[in-house]
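Chemist: Sharing a structure here in structure tokens format.
The values are calculated or read from the model by the stated rules, or taken from the named source; none is laboratory data. Quantities reported herein were computed from a predicted structural model and do not represent experimental measurements. Heads up, the Cβs are rebuilt from the backbone with ideal geometry, glycines too, and the neighbour counts pull from every protein chain shown. Accessible surface is based on the protein model in full, side chains and every heavy atom, while ligands, DNA and RNA are left aside. Shrake-Rupley method; radii C 1.70, N 1.55, O 1.52, S 1.80 Å.
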Amino acid sequence: MHAAILALDQGTTSSRALLFDARGRVLAVAQREFRQIYPRPGWIEHDAEEIWLTQIEMAAEVLAKVPGVAVAAIGITNQRETTIVWDRVTGRPLANAIVWQDRRTADLCDALREHEPLVRERTGLVLDPYFSGTKLRWLLEHVDGARDMANAGRLAFGTVDSWLIWRLTGGRAHVTDVTNASRTLLFNIHRAAWDPDLLRLLDIPASLLPEVRPSSGIVATTGPGLPVPEGIPIAGMAGDQQAALFGQRCTEPGMAKNTYGTGSFVVMQTGDKAIASTHGLLSTIAWQLPDEPLQYALEGSIFVTGAAVQWLRDGLGIIRNAAEVEPLAASVPDSGGVYFVPAFTGLGAPHWDPYARGTLAGLTRGTTAAHIARATLEAIALQTADVLDAMRVDSGIELTELRVDGGGTANGLLMQIQADVAGIPVVRAATSESTALGAAYLAGLAVGFWEDVDAQWTSDRTFTPRETGDSLREGWRAAVERAKGWTFA
């Protein structure tokens, strides 16, 4: 009989389940995409029931692929900031989940701007529609009866981890971990507690909030009547980027990783000290192990990277699948002076402009699909380089390498461009499953499943800088300025 850890990796576009053995190897994977709902420009929603159903179905599917597997524990990692409110009595969501990319609360953030110093000091975050707090306020104000139900203590709020654990336990556990809590605008990252002043600022009743736990430790067990066995410990929780940092074994201050997914998220471990950024980065909680100090990180959130390649496929139709972007981009020696700023939902770090919009600059009659494809890869790398520069300044640490994971790392041209424009080696992990593996590590450590997780980390390839990206970066800065402040409605 195989002993394994079950990792539930609930992402922005798909729900995945993976089984890991005691050596950190993937035994099986199951994945299913789900709907993206766009009610208005700049609004993005998910059906929370569909999230649950796809996730539990993938858990059952992956277990069926390894007959007789004994699951020692479940680890959960999730798209962060996506906001769900449900009825504690019926267990039903009150409305669609508001996705982290959603921009509908930009005006509310502007109205609260005078309070940004307080928000930054307590949470390490900026006042931006990205985070959960203003999304939760919006739901309470715009869903009929929501405010009255919240005041009566009938509603529960959670990020996706809380929602999944509620359903996995039959409503017995309303919990989150410190990493997900730290992304809500409501959590004091220094005291590791919900902040009463911030709750008052956003008019959020404390009764809505989940209990906050460490990232590793048994919080509950699976309930009856599910397509997975009853009684499995749920023992690991972390937002997807923190899980990837843990999975990449970036455990010392100054170690950094980037995950290339729908967006990209550059995270640098800063140890047991939260560093206040003055260059547009977020100070956030990296993880917490049982009976150990909180670990912190600096993070640069880039909203659109892999989604830009999806747009080449679905919006422009110049590729049929994501894998085609590399040979198309490689068919030209450069982008021909074309710059693509993929600010479809505004700009994240280090600019934080919710009114920016996607921009193609430098087009000529000689511009081809290949030039646009290459400009797309360059945009992914250039956005990352901007964040790395900010990290160097804020931390005072000179990065020696960037560990990378996620689907985008399969693109060797992108990784080489990244090394060139960042000016440091880019080290690709041997597994692209760092996020799920991080959740599995957190769960397995809580139940004694792992012996030495550090020894399991290996790299697949290192991309060393071959040429300077200075000229690219000069044009990029000009293109970004043209994308800013595009929409005001």
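Chemist: If I stretch the segment between R40 and L363 completely, what's the gain in nm (0.36 nm per residue apart, minus their alpha carbon distance), one decimal? The partial results should precede the final answer.
Modeler: Working: separation 323, 0.36 × 323 = 116.28 nm, distance 2.89 nm.
Fully extending the segment from R40 to L363 adds 113.4 nm.
Chemist: Give me Rg/Rg_expected for the range 1-87, where Rg uses Cα atoms only and Rg_expected = 2.2 N^0.38 Å with N residues. Each step should come with its number before you reach the end.
Modeler: Details: Rg = 14.7 Å, N = 87, 2.2 N^0.38 = 12.0 Å.
Here the Cα radius of gyration is 1.23 times the empirical estimate.
Chemist: While we're here: How many nm separate the modelled label positions at V447 and R200, each set 7 Å beyond the Cα in the direction of the Cβ?
Modeler: Reported label-point gap for V447 and R200 is 4.4 nm.
Chemist: Kirkwood Rh over alpha-carbon pairs of the range 345-489, then Stokes-Einstein at 10 °C and 1.306 mPa s: what D in µm² s⁻¹, rounded to an integer? Let's see the in-between values first.
Modeler: Numbers: Rh = 17.5 Å.
Here the translational diffusion coefficient equals 91 µm²/s.
Chemist: Can you put E50, E292, E230, E57 in order of accessible area, largest first, using a 1.4 Å probe? It would help to have the intermediate numbers written out before the result.
Modeler: Working: E50 40, E292 100, E230 125, E57 80 Å².
Accessible-area ranking of E50, E292, E230, E57, largest first: E230, E292, E57, E50.
Chemist: Ignoring ligands, DNA and RNA, how do V26, V421 rank by accessible area with a 1.4 Å probe, largest first? Each step should come with its number before you reach the end.
Modeler: Details: V26 60, V421 10 Å².
Of V26, V421, the descending order of accessible area is V26, V421.
Chemist: Straight-line reach only, C-alpha to C-alpha below 19 angstrom: list the lysines that K257 could link to, leaving out same-chain residues fewer than 8 apart.
Modeler: Within the straight-line limit of under 19 Å, K257 reaches these lysines: K273.
Chemist: Sticking with the crude label model, points 7 Å out along Cα→Cβ, report the distance from A276 to H115 in nm, one decimal please.
Modeler: Label at A276, label at H115, 1.9 nm between them.
Chemist: Considering only protein heavy atoms, what is the solvent-accessible area of V427 at a probe of 1.4 Å, reported in Å² to the nearest 10?
Modeler: 10
Chemist: Which value at 222 nm does the chain reach when only helices count, each DSSP H run of 4 or more adding -39,500 (n - 2.57), with the total divided by all residues and rounded to the nearest 500 deg cm²/dmol?
Modeler: Per the formula, -9500 deg cm²/dmol.
Chemist: Need one number: nm distance between label points at D107 and T13, each 7 Å from Cα along Cα→Cβ, rounded to one decimal.
Modeler: According to this spin-label approximation, the distance is 3.1 nm.
Chemist: Next question. In terms of Cα to Cα distance under 18 Å, which aspartates and glutamates are near enough to K484, apart from those fewer than 8 places away along the same chain?
Modeler: Excluding near neighbours in sequence, the set is D102, D107, D110, D128, D353, D386, E474.
Chemist: If you add up the charges near P233, with Lys and Arg at +1 and Asp and Glu at -1, over every other residue whose beta carbon is less than 14 angstrom from its beta carbon, what do you get?
Modeler: Working: positive: R172, R213; negative: E230.
Residues near P233 contribute +1 overall.
Chemist: Out of V126, N151, L168, whose Cα points farthest toward the positive end of the dipole of the range 114-217 (charges: +1 Lys, Arg; -1 Asp, Glu; placed on Cβ)?
Modeler: L168
Chemist: When the chain is fully extended, how far beyond the present Cα-Cα distance does I218 get from K65, taking 0.36 nm per residue of separation?
Modeler: Working: separation 153, 0.36 × 153 = 55.08 nm, distance 2.56 nm.
Extra length available between I218 and K65 comes to 52.5 nm.
Chemist: Keeping all protein chains in the complex and leaving out DNA, RNA and ligands, what accessible area do you get for Y355 with a 1.4 Å probe, in Å² to the nearest 10?
Modeler: 40
Chemist: Take the eigenvalues of the Cα gyration tensor for the chain, scale each by 5, and report the square roots as semi-axes in whole Å, largest first. Walk me through the numbers before you get to the answer.
Modeler: Details: eigenvalues 219, 144, 94 Å².
Semi-axes from the Cα gyration tensor: 33, 27, 22 Å.
Chemist: Assuming a ≥ b ≥ c are the square roots of the Cα gyration tensor eigenvalues, decide whether the range 313-369 counts as rounded (a/c under 1.5), prolate (otherwise, with a/b larger than b/c) or oblate. Could the numbers behind the result be given before it?
Modeler: On the way: a/c = 2.16, a/b = 1.55, b/c = 1.40.
Prolate shape, in that a/c is at least 1.5 and a/b is the bigger ratio.
Chemist: Further question on the same structure: Taking the Cα centroid of the range 294-349 and of the range 201-225, what is the distance between the two, rounded to the nearest whole Å?
Modeler: First find each Cα centre; the distance between them is then 35 Å.
Chemist: Quick check: residue separation of R23 and D87 times 0.36 nm, minus the Cα distance between them. What number comes out in nm? List each step's numbers first, then the result.
Modeler: Details: separation 64, 0.36 × 64 = 23.04 nm, distance 4.08 nm.
Stretched fully, the R23-D87 segment lengthens by 19.0 nm.
Chemist: Could you work out the relative contact order of the chain, using alpha carbon pairs under 8 angstrom and six or more residues apart, expressed as a whole percent? Spell out each step's value before the answer.
Modeler: Details: 1164 pairs, mean separation 72.8, N = 489.
Averaging sequence separation for qualifying contacts and normalising by length gives 15 percent for the chain.
Chemist: Computed FRET efficiency, Cβ-Cβ of E33 and L316, R0 22 Å: what is it to the nearest 0.05?
Modeler: On the way: r = 20 Å, r/R0 = 0.92.
So, using R0 = 22 Å, E works out to roughly 0.60.
Chemist: Kindly identify the range 416-489 as rounded, prolate or oblate by the Cα gyration tensor criterion: order the square roots of the eigenvalues as a ≥ b ≥ c, call it rounded if a/c is under 1.5, otherwise compare a/b with b/c, prolate if a/b is larger, else oblate.
Modeler: On the way: a/c = 5.35, a/b = 1.78, b/c = 3.01.
It is oblate, given that a/c is not under 1.5 and a/b is not larger than b/c.
Chemist: Solvent-accessible area per residue for the range 1-105 at a 1.4 Å probe radius, Å²? All intermediate terms of the calculation are to be shown ahead of the outcome.
Modeler: Values: 3810 Å² over 105 residues.
Spelled out: the 1.4 Å probe surface of the range 1-105, per residue, equals 36 Å².
Chemist: Over 14 Å apart: what share of the alpha carbon pairs of the range 66-107 falls there, rounded to a whole percent?
Modeler: Working: 586 of 861 pairs.
More than 14 Å apart: 68 percent of the Cα pairs in the range 66-107.
Chemist: What number do you get for the range 1-146 when its Cα radius of gyration is normalised by 2.2 N^0.38 Å, N = residues? Each step should come with its number before you reach the end.
Modeler: Numbers: Rg = 18.5 Å, N = 146, 2.2 N^0.38 = 14.6 Å.
This ratio for the range 1-146 stands at 1.27.
Chemist: With a length cut of 27 Å (Cα positions projected on each helix's long axis) and a Kyte-Doolittle mean of at least 0.0, go through the chain and give me the DSSP H helices that pass. Spell out each step's value before the answer.
Modeler: Details: long enough: 369-395 (39 Å, 0.49).
Qualifying helices: 369-395.
Chemist: Then there's this: Just to verify a number: what accessible area does K65 come out at with the full protein assembly present, 1.4 Å probe, Å² rounded to tens?
Modeler: So the heavy atoms of K65 present about 110 Å² to solvent.
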